[in-house]
Structure formats: C-alpha cells, structure tokens
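The values are calculated or read from the model by the stated rules, or taken from the named source; none is laboratory data. Everything quoted here is computed from the prediction, not taken from an experiment. Here the Cβ is made from the backbone with ideal geometry for all residues, glycine too, and neighbour counts use every protein chain on show. Surface areas here come from the heavy atoms of the whole protein model, side chains and all, with no ligands, DNA or RNA. Shrake-Rupley method; radii C 1.70, N 1.55, O 1.52, S 1.80 Å.
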Amino acid sequence: LPNDLLSLEHYQEEISDFHIHIHNTVSSTNEIAKNLALKGAPHNSVIIADSQTSGKGRFRRVWISPPGVNIYMSLCIKPSSDARVSLVPLATSVAVMDALCRVAPEIKGRIWLKWPNDIYLDEKKLSGILVENLKRDIIVGIGVNVNISSNRFPEDLREKATSLYIATGRQFRRAEIIVEILYNLREIYKILSENSYYIIQLWSERSKTLNSMIKAYLPDRTIEGKAIGLDENGFMKVITADGKMVTLSSADILHLR
Ligand code: BTN
C-alpha cells in the first residue's frame, strides 16, 4: 500500500471507535461494506481501498477509481431508530466538505454542496457520496478526488471533474484527510441523532442549490424551476415556471445559469 494511505495506522487513537479495514484493490468499497454488514459487522465499520475495479456512482454511473491518488471509503452505520435516515446523505456531505476545507484552507469559498450530496469546487465535481440502505444498516460510500491529475480522468470528464491537487497544485496525504473525515462524521451523526433540524441548516449554509434555477432529471420526466428550500426529510422543494410546487426526494439535478 502507498505510504500516504498506510500511515493511517499512526492515527489509531483518534479513530479507535471505528473498525477500519484497508485494502489494496477491491471491486467497490460499498460492495465490501455491504457484504460485511450482512455478516454482522459492527456499527462504524470502515472499508478503505487504494483502488476500485468497479467503483460506482449514483444512477449506475462509473466512479473513476485509479490507485495511488484518491480516497475510496465506505462506512457501515446502524442508526438508532429515531435518527432521520433520509438526512444521512446531507449530513455526510457537510462533514466531508468541512474536512476538505480543513486540510486545504485555500479552497474555502470555492467549495460548495449541490443537492443532495455532491461536493463541487468552482464548477467541477470534487467528491461524490453514494448512500445505500440495507435492512438495518446504512452504507455510506465516499469518493474524493485528491491527488489525481486531470490527464488521468477520461477526456469527457476533464471539464466536469476536479481534485484537490488540480485546484491547489499541492499533494495531500490521504490518511490525514480520512482521519479528518471520520472525525467530522462522528460529530455530524451525533448532531443528526440529537437535533436533525440543525443538519438542514448546516447543509443549507454550504449549498448553492437553494434559490438557484435548476433542472431535475426524474425517471419519467424532467422539471425546471427554482429550488426554494428543504423539508424536514431533506427533500428539495421546487417551484416550476407554472407555479406548481414539486418535492424531490432524489434526483440528478443541473444548476441553470
Ligand atoms: C456519485 O457522485 O455518484 C457517488 C460517487 C460515490 C463514489 C464512492 S467511492 C467509494 C464508494 N465505493 C463505490 O463504489 N462508490 C463509493
């Protein structure tokens, strides 16, 4: 394993409440986490890989997962019954965004959240989150483009994707970022269980989607309108041109100018 990932071992104390498994190559850390969960893995199990052979994104997209450069991790959590499961994606994106600002303060002001849980830097995607619900477990998959240079992205992605390295010209130690992320996740999931409304507020402060004109691609149609706010589930309320209010629980959205 590359040193910048292996050095996670040095942080054992800070993250001793997480059960961490590090792999060289896996199909998808979400798949490994799912299998572990089915076998009874404890709350806060974490799968980390240096590369993935079938990294997946939302809507069955491929998540580019070459070795040596990026973070691919999945968390298995068992929320207490009163936690609002639908807010996990929003809460996670807040935690990851703040962790990235911490390690790369120069990106503050350029990094923002797109509903429901994408992390953008300027106009390009920096990090994606894929939350999958099993019966009693939630699998939270997090991908962050860290040290990848733009020529390692497939050509069609170069206009759409970025990395911390591309944005700052600096290389980062992945272990340090992972520890920051885990630290923030611990904090945010606690907030989620105690005061879930606060999650909506934290997310809204970091998002550019609110008050933007958006286009949402739903399975059977697309809608255009103004994103006006989140409901208590984290669903997005949109007012369309003809004045109708639509609530989106999940969708692929585009910000219009
Ligand atoms: C998206 O933006 O569409 C979500 C991308 C999620 C990628 C991460 S990488 C770690 C985990 N394993 C996967 O196969 N996907 C998630």
ask   = Exactly one of (1) of a type outside the set (Val, Ile, Thr); (2) away from the ligand (no atom under 16 Å from the Cβ); (3) touching a helix residue (DSSP H, G or I) at 6+ places or on another chain (Cβ under 8 Å); (4) within 22 Å of Phe59 (Cβ to Cβ) is unmet by Leu130. Its number?
value = (2)
remark   = Of the residues in the range 139-161, those that are within 13 Å of the ligand (Cβ to nearest atom) and either open to solvent by less than 60 Å² (accessible area, probe 1.4 Å) or polar (S, T, N, Q) (or both) come to Ile139, Val140, Gly141, Ile142, Gly143, Val144, Asn145, Val146, Ile148, Leu157, Ala161
ask   = Got at least one residue in the range 99-106 being within 16 Å of the ligand (Cβ to nearest atom) and open to solvent by less than 10 Å² (accessible area, probe 1.4 Å)?
value = yes
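The rows are residues; the columns are (1) more than 12 Å from the ligand (Cβ to nearest atom); (2) of a type in the set (Phe, Trp, Tyr); (3) without any contact (Cβ under 8 Å) to a residue 60 or more places away in the chain.
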position: Asn3; (1), (2), (3): yes, no, yes
position: Glu14; (1), (2), (3): yes, no, no
position: Ile20; (1), (2), (3): yes, no, yes
position: Ser27; (1), (2), (3): no, no, yes
position: Lys34; (1), (2), (3): no, no, no
position: Pro42; (1), (2), (3): yes, no, yes
position: Ser45; (1), (2), (3): yes, no, yes
position: Ser54; (1), (2), (3): no, no, yes
position: Phe59; (1), (2), (3): no, yes, no
query = Applying the selection to the range 61-70, what residues are polar (S, T, N, Q) and near the ligand (Cβ under 7 Å from one of its atoms)?
reply = Ser65
Elements of type strands (runs of 3 or more DSSP E) contained in the range 141-257, each with 3 or more residues being over 17 Å from the mean Cα position of the chain (by Cα) = 213-217, 222-230, 236-240, 245-248
request  = Could you tell me whether the range 176-193 includes any residue that is over 22 Å from Trp112 (Cβ atoms) and in contact with a Phe, Trp or Tyr (Cβ under 7 Å, 6 or more places away or on another chain)?
outcome  = yes
Among the residues listed as Leu113, Leu130, the single one being in contact with a strand residue (DSSP E or B) (Cβ under 6 Å, 6 or more places away or on another chain) and either open to solvent by 10 Å² or more (accessible area, probe 1.4 Å) or part of a loop (DSSP other than H, G, I, E, B) (or both) = Leu130
remark   = Of those in the range 166-223 that are among the hydroxyl-bearing types (Ser, Thr, Tyr) and farther than 24 Å from Val140 by Cβ, the residue surrounded by the fewest Cβ atoms within 10 Å (Cβ to Cβ) is Thr222
remark   = Among helices (runs of 4 or more DSSP H) entirely within the range 1-104, at least 3 residues that are touching a helix residue (DSSP H, G or I) at 6+ places or on another chain (Cβ under 8 Å) occur in 3-6, 88-103
query = Is it the case that some residue within the range 59-71 is modelled with pLDDT of 95 or more, under 26 Å from Lys190 (Cα atoms) and not basic (Lys, Arg)?
reply = yes
